[in-house]
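Each value in this text was obtained by applying a stated rule to the coordinates, not by laboratory testing. If you're wondering where the values come from, they're calculated on a predicted model, not measured in any experiment. Positions of Cβ are generated from backbone atoms using ideal geometry, with glycine treated the same way; all protein chains shown enter the neighbour counts.
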Amino acid sequence: MDVDLTGRSFLKELDFLPEELTYLLDLADELKAARREAREEQLLTGRVIALIFEKTSTRTRAAFEVAAHDQGAHVTNFDPSGSQIGHKESVADTAEVLGRMFDAIQFRGTSQGDIERLANHAEVPVYNGLTDDWHPTQMLADFQTMREASGKEANDLSYAFCGDLRFNMARSHVVTAALLGSDIRLAGPESLSIPGEVLEAAREIAALTGASITVTDDAAEAVTGVDFVHTDVWVSMGEPREVWASRIKELMPYRVDEKLMSAAGKRARFMHCLPAYHDLETQIGADIAGHTGLTGGLEVTDGVFRSERSIVFDQAENRLHTIKALMVATLAGPDDR
Ligand code: CP
Ligand code: NVA
């Protein structure tokens, strides 16, 4: 099938067919190689892209900015206090305005409803840079990294996600693994389980793609024999600090430590979307260590994070190549690519 994503938005993984996701991953590989070999061609000269950040970001913002720069495009940043959106002007009105000035809009915020409204009113591609529900651009980077590190196609990959299964990362992983035909195992406590409608949608897709989905409360069982062990922070952006105490109790059995990596087996590598609480070099990490005595890391131990099995910085770098692929595929004409 010829894939043409010109003009398309990426609000959630389900917006794209498996072959469209694979096309983006292949394009990201090509763009990564071209950048490394100093033969990248600029396909987005003259384009302008709005980046709206209701929530903070390092990787996503850096990836959009550097990708745009590499491709000859310009960006304008609207940081959490830098625009009228939401407080003085509706999302719909903002979308109408930005859609007349920009060629595309990236949005990071709380509400999936807001990004859907942006896309409905902007008439330019809108990219989801993270909402509470989905983190689709992260999925592109995670699959590029897993394909690269294992040499396997997505439908041969087997991986586990351990931790909070209610939030964006676990939700996005189960749907993406289903679309791409992977073997995914989700491990977390009943109290933080994957929403039923997300699991149901993923299982329906898996029946068509051959993906395998396992949900368990047993982390050691989930990771046995996998290629990759993923986790995410235990308290996500926008959640109150007060939940830390209960979250630590609920999620300690799912912490990625040396024992869990041993249970996974020799082949398994460690992945994390970042930022991670693995040492005392962050305010929150130090604060929690002060209260709990957990000095060696929260969702992942410092030992695992810094080990040779950890490929988190390759994963972070791949945000750049995959976000670039998304912008090139949706903004450059098909004849330019
Ligand atoms: N993984 C990720 O989205 O990182 P940032 O929050 O730094 O953008
Ligand atoms: N679940 C995390 C992901 C950060 C990239 C959050 O939403 O804060």
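Laid out as a table, the results:
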item	result
With Cα atoms, 0 to 90° folded angle of helix 59-70 axis to the chain main axis	40
Helix axis angle, 91-101 relative to the chain longest principal axis, alpha carbon, degrees	50
Residue with peak Gaussian network fluctuation, the chain [Cα springs, cutoff 10 Å], from D79, D142, D287	D287
Approximate spin-label separation E153-D217, in nm, with each point projected 7 Å along Cα-to-Cβ	3.8
Filter on K88/K324; K12/K249; K152/K324 - keep pairs with C-alpha separation over 26 Å	K88/K324; K12/K249
Bins of 10 Å from zero: percent of alpha-carbon pairs in the stretch 248-337	15, 36, 25, 14, 9, 1
Spin-label pair R100/S307, simplified geometry with 7 Å Cα→Cβ offset, distance in nm	5.7
Ratio Rg/Rh, restricted to the stretch 123-191 and using Cα atoms, in which Rh is the Kirkwood radius	1.00
Radius ratio Rg over Rh of the stretch 101-144, counting only Cα atoms, Kirkwood formula for Rh	1.00
Equivalent ellipsoid semi-axes - Cα gyration tensor, the stretch 37-117, angstrom	25, 14, 10
Values of log10 I(q)/I(0), in the order q = 0.13, 0.19, 0.27 Å⁻¹, for the stretch 1-71 under a Debye, Cα-only, solvent-free model	-0.49, -1.06, -1.35
Candidates per GluC sites (Glu not before Pro) in the stretch 20-67, loop by DSSP, up to 15 other Cβ within 10 Å	E37, E41
Extended-chain gain in nm, criterion 0.36 nm per residue less alpha-carbon gap, H87 and E281	66.4 nm
Mean separation of Cα contacts under 8 Å (6+ apart) over length of the stretch 133-245, as relative contact order %	29
Using alpha carbons only: equivalent-ellipsoid semi-axes of the chain, gyration tensor based, whole Å	31, 23, 19
Kirkwood-type radius of the stretch 77-231, with distances r between different C-alpha atoms, in Å	16.9
Value of relative contact order over the chain, rounded to a whole percent, pairs C-alpha under 8 Å and six or more apart	20
The chain, helix-only ellipticity at 222 nm - DSSP H runs n ≥ 4, -39,500 (n - 2.57), divided by all residues, nearest 500	-13500 deg cm²/dmol
Neighbour-count ranking [beta-carbon atoms within 10 angstrom, fewest first] of D133, D314	D314, D133
Likely footprinting exposure, S172, S81, S191, fewest C-beta neighbours within 10 Å first	S81, S191, S172
Whole-angstrom gap from the stretch 89-139 to the stretch 177-248, using each part's C-alpha centre	26
Label-to-label distance, nm, for residues given as T224 and L17 (7 Å Cα→Cβ offset)	3.9
Tilt relative to the chain, helix 196-209 - C-alpha long axis, 0 to 90 degrees, to 10	80
Candidates H87, H173, H74, ranked by Gaussian network fluctuation over the chain, Cα under 10 Å, top entry	H87
Whole-Å semi-axes of the ellipsoid equivalent to the stretch 1-42 (Cα gyration tensor, √5λ, descending)	23, 11, 10
Order of I248, I49 under a 10 Å beta carbon neighbour criterion, fewest first	I248, I49
